[in-house]
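Q: Before we start, here is the structure in question, set down as structure tokens.
Every read-out reported here was derived from the displayed coordinates using simple, explicitly stated rules and does not represent laboratory data. Everything quoted here is computed from the prediction, not taken from an experiment. Neighbour counts are summed over all protein chains in view; Cβ atoms, including those assigned to glycine, are modelled from backbone coordinates with ideal geometry.
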Amino acid sequence: MKIRERLLIFCGLALFLFVVSYAFLQEGKAKKIPTPVAKSASEQCVESREYMRANHMLLLNDWRHGAVREGERIHVTPDGRKFEKNLSTCFQCHGSRGFCVRCHTYASAKPNCFSCHHEM
């Protein structure tokens with residue numbers, strides 16, 4: 001084998017090893033998970049913090065289905081509080097669309113809420 005061929009093979013192997021090991025080198029360097037914060041700490045959300053973190057999309061889908069398909073425009077919590085089923089309810093405490101975008105960008109998720117609804 002000529003020196004030139006050996007050099008190309010060595011460079012190719014080195015590049016291959018770098019590409020394969022790159023993912024492992026980046027382990028532990030993930031961005032910090034965004035923490036959504038309400039405008040007002042005294043306000044209580046429509047459900048518990050734990051429920052909303054795990055199920056906010058299920059709640060929003062349920063609200064959409066109830067409001068659009070069944071005409072149910074009011075959400076009643078187990079403790080009797082009432083909320084209108086729309087994004088304005090969320091944004092009264094959480095601000096604007098930027099509140100949603102931070103977490104969805106981190107998770108590489110594309111919420112479809114704003115394809116129909118205007119920004120607030």
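Q: Could you give each residue of the range 81-94 its phi-based ³J(HN,Hα) in whole Hz, using Karplus coefficients 6.51, -1.76, 1.60 with θ = phi - 60°, and x for Gly or Pro?
A: 5, 10, 9, 6, 8, 7, 5, 4, 4, 5, 6, 4, 9, 9
Q: A further question on this structure: Run the quick spin-label model on ALA14 and CYS103: label points 7 Å from Cα toward the beta carbon, then report their separation in nm to one decimal.
A: Distance between label points: 4.6 nm.
Q: What lysines does LYS32 reach when the alpha-carbon gap must be under 28 Å and sequence neighbours fewer than 8 apart in one chain are set aside?
A: Excluding near neighbours in sequence, the set is LYS110.
Q: Next question. Compute the length gained on full extension between SER88 and LEU58: take 0.36 nm times their separation in residues and subtract their Cα-Cα distance, giving the result in nm to one decimal.
A: Computed gain between SER88 and LEU58 is 9.1 nm.
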